[in-house]
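Undergrad: What follows is a single structure, and I will ask about it in a moment.
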Amino acid sequence: MTKRVTLDHRSGPLATLWLDRPDKRNALDTDLMKELGEALDVIGHTGSIRAVVLRGRGPVFSSGIDHTLLTDVTSATKQSQFLQFHHQIQDVFHRMARLSQPVIAAMHGACIGMGLELALAADIRLASEDCALGLPEIAFGLIPDVGGTTRLVRTVGEPRARALILTGRLIRARTAERYGLVHEVATDAAGLERLALEYAEQLATHPATALGLAKSLSQMSGDADAASSFRLEGVIQQALLGQLDVAARMPAALAFIRAQLAALR
């Protein structure tokens, strides 16, 4: 059977994870979800991978759920197995969010429904200017339930999330950037590829342990009260100071800051 997900990691610190059903507009079906979970497990156990770019082959990033998976969901509901089936689907996206390596979703063409729910589980979302994004589940009489509602509220705020979910409206990348749903927009496909590589290379230069803990802390702080988050900052910093030679990192860190300042001039 043709692979629906491919992991491109020959050597070095960067890996590209491809949704690989271009003939089906990278619609997410049961087999793709299974392969995606397996690929994420491989990434999680490969210490040499420092950053991951998530992409879709063909004209779009993902058109969302495949009708066959939707049929499976409907059948599971009739058999009173929905919650178990639902948990299994959600867990695949949770596995991506739990990776210690940062994940960059590079979206083009369309990123709709369950495809956007997948992108919301990434750490950084980039898009080409032509990309249409949205959660149109309401048109089917359904809701975004694979983390989409929860993550969208935390990403763009409840008022904007509510409007997008209730209307099912699709928006262009520039609007999504203004909402905070997309971090940066590229003018075309080539620009998106360059931008994703730039982000990935920059992430890969930072200490892996600090990256992983910073990612976890950011996620936990979104759910914790301020006092708990302040305490977590101290606990994590203490752990990093105990195992990192800060003095040895100083020249590289200062060079990084100088390069950033120069780029802003």
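This table checks each residue for (1) of a type in the set (A, V, I, L, M); (2) in contact (Cβ under 8 Å) with a residue 40 or more places away in the chain.
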residue: THR2; (1), (2): no, no
residue: VAL5; (1), (2): yes, no
residue: LEU28; (1), (2): yes, yes
residue: ALA39; (1), (2): yes, no
residue: ILE43; (1), (2): yes, yes
residue: THR46; (1), (2): no, no
residue: VAL60; (1), (2): yes, yes
residue: SER63; (1), (2): no, yes
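Undergrad: Residue by residue through the stretch 137-155, note down the ones that are farther than 15 Å from ALA105 by Cβ, within 19 Å of the chain's Cα centre (by Cα) and of a type outside the set (D, E, K, R).
TA: Answer for the stretch 137-155, where residues must be farther than 15 Å from ALA105 by Cβ, within 19 Å of the chain's Cα centre (by Cα) and of a type outside the set (D, E, K, R): PRO144, THR149, THR150, VAL153.
Undergrad: Answer yes if at least one residue in the stretch 140-159 is surrounded by 15 or more Cβ atoms within 10 Å (Cβ to Cβ) and touching a strand residue (DSSP E or B) at 6+ places or on another chain (Cβ under 8 Å), and no otherwise.
TA: No, that holds for no residue.
Undergrad: Applying the selection to the stretch 34-51, what residues are touching a helix residue (DSSP H, G or I) at 6+ places or on another chain (Cβ under 6 Å) and open to solvent by less than 60 Å² (accessible area, probe 1.4 Å)?
TA: LEU36, GLY37, LEU40, ILE49, ALA51
Undergrad: Scanning for something free of Cβ contacts under 8 Å to residues at least 60 places away in the same chain, among the hydroxyl-bearing types (Ser, Thr, Tyr) and open to solvent by 10 Å² or more (accessible area, probe 1.4 Å), does the stretch 79-87 turn up at least one residue?
TA: Among the residues of the stretch 79-87, at least one is free of Cβ contacts under 8 Å to residues at least 60 places away in the same chain, among the hydroxyl-bearing types (Ser, Thr, Tyr) and open to solvent by 10 Å² or more (accessible area, probe 1.4 Å), which makes the answer yes.
Undergrad: Right, another one. Of the conditions (1) touching a Phe, Trp or Tyr at 6+ places or on another chain (Cβ under 8 Å); (2) open to solvent by 70 Å² or more (accessible area, probe 1.4 Å), ILE171 satisfies every one except a single condition; which number is it?
TA: It fails just one condition, (2).
Undergrad: Within the set of pairs 6 or more residues apart or between chains, which connect a residue that is farther than 24 Å from THR46 by Cα inside the stretch 205-232 to a residue that is β-branched (Val, Ile, Thr) with Cβ atoms less than 8 Å apart?
TA: none
Undergrad: Within the bounds of the stretch 44-58, is there any residue that is in a loop (DSSP other than H, G, I, E, B) and of a type in the set (Val, Ile, Thr)?
TA: Taking every residue of the stretch 44-58 in turn, at least one turns out to be in a loop (DSSP other than H, G, I, E, B) and of a type in the set (Val, Ile, Thr).
Undergrad: Under 6 Å between Cβ atoms, at least 6 apart or on separate chains: pull out the pairs that start in the stretch 175-198 with a residue that is more than 16 Å from ALA122 (Cβ to Cβ) and end on any residue that is part of a loop (DSSP other than H, G, I, E, B) and modelled with pLDDT of 95 or more.
TA: THR187/GLU129; ALA189/HIS108
Undergrad: Same structure again: Take the stretch 227-255 and flag every residue that is closer than 19 Å to LEU203 by Cβ and open to solvent by 70 Å² or more (accessible area, probe 1.4 Å).
TA: Result: ARG249, LEU254.
Undergrad: Would you say GLY64 is buried (at least 17 other Cβ atoms within 10 Å of the Cβ), farther than 30 Å from PRO207 by Cα and of a type in the set (Gly, Ala, Ser)?
TA: yes
Undergrad: I'd like to know if the stretch 59-74 contains one or more residues that are in a strand (DSSP E or B) and under 15 Å from the mean Cα position of the chain (by Cα).
TA: There is at least one residue in the stretch 59-74 that is in a strand (DSSP E or B) and under 15 Å from the mean Cα position of the chain (by Cα).
Undergrad: Still on this structure, I have one more. Do you know which residues across the stretch 20-33 are touching a helix residue (DSSP H, G or I) at 6+ places or on another chain (Cβ under 8 Å) and part of a helix (DSSP H, G or I)?
TA: Listed by number, the residues that qualify are THR30, MET33.
Undergrad: Continuing with the same structure: For the stretch 21-45, how many residues are of a type in the set (S, T, N, Q) and modelled with pLDDT of 95 or more?
TA: 1
The values are calculated or read from the model by the stated rules, or taken from the named source; none is laboratory data. None of these values were measured; they are calculated from a predicted model. Every residue, glycine as well, gets a Cβ built from its backbone with ideal geometry; the counts of neighbours run over all protein chains shown. When the accessible area is computed, the model is the full protein with side chains, heavy atoms only, and any ligands, DNA or RNA have been set aside. Shrake-Rupley method; radii C 1.70, N 1.55, O 1.52, S 1.80 Å.
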